[in-house]
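Scroll down for the structure; my scribbles are underneath it.
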Ligand SMILES: [Zn+2]
């Protein structure tokens, strides 16, 4: 067993298989392993976009109560590098102060003594989040059937991943692929695994509820579309065939796919609740 673990060593764990002492990375670099607190946690919604590849659609992080989480808010930014499919979309109709026409880019909740902020990307952990998403979607074993998958390395920390997909004949391969990821940004694998083990059922159950909700809303929408097609005398399927033949694909975000303009606000609330409730 090679005890001299380098930065590029990774664990790849399936389901509840946990590392044993021999496979734990040793603190060979002399870096002090700080205690893990909630500021190191985040929950990501990732998407494998047809146009842009693995992208972060939304990330929820824990901010400092003393700053009100301001350090996590993102300013208005150009969205040229995002398409509809990989965008976090919050309807302006839902924003009370409609005096500005700019889209909402951040959501913030204060619960007890912590602040929870959701954004399209993380200002302070952009590189980390990007590497986590790329890794999550690059794993050939990710099944998109909501079975949990874990990976750990010194760069990406500990990641609990659940993949899922939605049928969409306007997407490549007729499906859109997503993943929910709980990330602990630490090199301290043992402490991180302890936290994950202590909260496994809660995180898995929470993610499953979110995924089932999204899939259920999406199936309802498909049913509605099919009923409408039947009422319209079957003209729409012909349009569908025409579109497919001409490879015209329409990009859709999660809000459209679920016909729920509150979906990202709900995700923010659910993620905040999960992060708030974790036992450290
Ligand atoms: Zn995209």
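The values are calculated or read from the model by the stated rules, or taken from the named source; none is laboratory data. All values reported here derive from a predicted model rather than from experimental measurement. Backbone-built Cβ (ideal geometry, glycine too); neighbour counts: all protein chains shown.
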Taking the stretch 56-66 and the residues there that are touching a residue at least 12 places away in the same chain (Cβ under 8 Å) and not in a strand (DSSP E or B), the one that is farthest from the ligand (Cβ to nearest atom) would be 65
Restricted to the stretch 75-90 and to residues being surrounded by 16 or more Cβ atoms within 10 Å (Cβ to Cβ) and part of a loop (DSSP other than H, G, I, E, B), the residue farthest from the ligand (Cβ to nearest atom) is 90
Practice prompt. Return a yes/no flag: does the stretch 46-55 have any residue that is touching a strand residue (DSSP E or B) at 6+ places or on another chain (Cβ under 6 Å), under 26 Å from residue 249 (Cβ atoms), within 9 Å of the ligand (Cβ to nearest atom) and in contact (Cβ under 8 Å) with a residue 60 or more places away in the chain.
Written response: yes
Scanning the stretch 133-159 for residues that are under 16 Å from residue 49 (Cβ atoms) and touching a residue at least 40 places away in the same chain (Cβ under 8 Å), the one surrounded by the fewest Cβ atoms within 10 Å (Cβ to Cβ) turns out to be 138
Of the residues in the stretch 129-155, those that are in contact with a strand residue (DSSP E or B) (Cβ under 9 Å, 6 or more places away or on another chain) and in a helix (DSSP H, G or I) come to 129, 130, 132, 133, 134, 135, 136, 137, 138
Among 277, 272, 255, the single one that is modelled with pLDDT of 85 or more and exposed (fewer than 13 other Cβ atoms within 10 Å of the Cβ) is 277
Note on the stretch 103-128: residues in contact with a helix residue (DSSP H, G or I) (Cβ under 8 Å, 6 or more places away or on another chain), in contact (Cβ under 8 Å) with a residue 40 or more places away in the chain and not in a strand (DSSP E or B) are 112, 121, 122, 123, 124
Within the stretch 107-124, the residues that are crowded, with 17+ Cβ neighbours inside 10 Å and modelled with pLDDT of 90 or more are 107, 108, 109, 114, 115, 116, 117, 118, 119, 120
